[in-house]
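Below: one structure, written as structure tokens.
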Amino acid sequence: MSAINLIIFDMDDVLCRYDFARRLSCLAELTGLQADFIDQAIFRSGFDDLGDRGRYTAEEYLQQFGAHLGVAVSWRDWLWARRQSITPDMDMLALVERLRTQVPVAMLTNNGPVLREGLAEVFPQAAELFGERAFFSCQLASSKEEPAIFHTVLEILDGQPDSTLFIDDAKTYIAAAQCAGLRTHHFSGINGLASALRSFNLSPD
């Protein structure tokens, strides 16, 4: 079995806890619209997915975001609502800090251009930990549902599938990574991850 030479982490619900309902509530507060309407217009309509896949620049995305709602939302307000929806997992962030002294680490998240450009404001700990190794699906014009996105990241990082460990809480993305040949861990908590890391001869402590 090949040694692990690269670890790629998901963001939401791995490095931080993501409260989608809280995000909708914040957007409702900002716009005066109902949360269910926002959910349908932005998220269930498929518009946000197009943003995640790189269809829009950050400016185009925000313009279309407002057009879908019928209410303009500023850059500052969009980032505020996103920031309010996450709680950094300090134990996980500390674990990543320890791991990156043993092996290169990266982050791969299905998210769009506004969060990519505003990561340091929304989740400064992740921005500091990963730097240019924080990859967003929008910049790769793809999604973690597609095995090809993993090959693209590995090409950028000069990594090999069989020596790369991908960690995500979503089974769909784990399956895509496995199709791309990566080693995987389906995240359900830090204790299970620590045990998996030890099985790969990595020290989580």
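Here the condition is being modelled with pLDDT of 95 or more, under 27 Å from TRP80 (Cα atoms) and either among the β-branched types (Val, Ile, Thr) or in contact with a strand residue (DSSP E or B) (Cβ under 9 Å, 6 or more places away or on another chain) (or both); of ALA134, ALA141, it holds for ALA134 alone. ARG76 - would you say it is surrounded by fewer than 16 Cβ atoms within 10 Å (Cβ to Cβ), free of Cβ contacts under 8 Å to residues at least 40 places away in the same chain, out of contact with any Gly (no Cβ under 7 Å at 6 or more places or on another chain) and under 30 Å from GLY159 (Cβ atoms)? For ARG76, the condition - surrounded by fewer than 16 Cβ atoms within 10 Å (Cβ to Cβ), free of Cβ contacts under 8 Å to residues at least 40 places away in the same chain, out of contact with any Gly (no Cβ under 7 Å at 6 or more places or on another chain) and under 30 Å from GLY159 (Cβ atoms) - is not met. Scanning the stretch 140-197 for residues that are without any contact (Cβ under 8 Å) to a residue 12 or more places away in the chain and polar (S, T, N, Q) yields GLN178, ASN191, SER195. Within the stretch 51-92, being closer than 22 Å to ARG22 by Cα and not in a helix (DSSP H, G or I) holds for GLY70, VAL71, ALA72, VAL73, SER74, SER85, ILE86, THR87, PRO88, ASP89.
May I ask you to verify whether GLU59 is assigned by TED's automatic domain parsing to the domain that holds MET11 and either surrounded by 14 or more Cβ atoms within 10 Å (Cβ to Cβ) or without any contact (Cβ under 8 Å) to a residue 60 or more places away in the chain (or both)? So GLU59 does not fit the description; no. The C-beta contact set for the stretch 3-29 (first residue in contact (Cβ under 8 Å) with a residue 40 or more places away in the chain and over 14 Å from VAL122 (Cβ atoms), second residue among the basic types (Lys, Arg) and surrounded by fewer than 22 Cβ atoms within 10 Å (Cβ to Cβ), distance under 9 angstrom, 6+ apart or interchain) comprises ILE4/ARG183; ILE7/ARG100; ILE8/ARG133.
The values are calculated or read from the model by the stated rules, or taken from the named source; none is laboratory data. Keep in mind that this is a model prediction, so the values were computed, not measured. Positions of Cβ are backbone-derived with ideal geometry, glycine not excepted, and every protein chain shown enters the neighbour counts.
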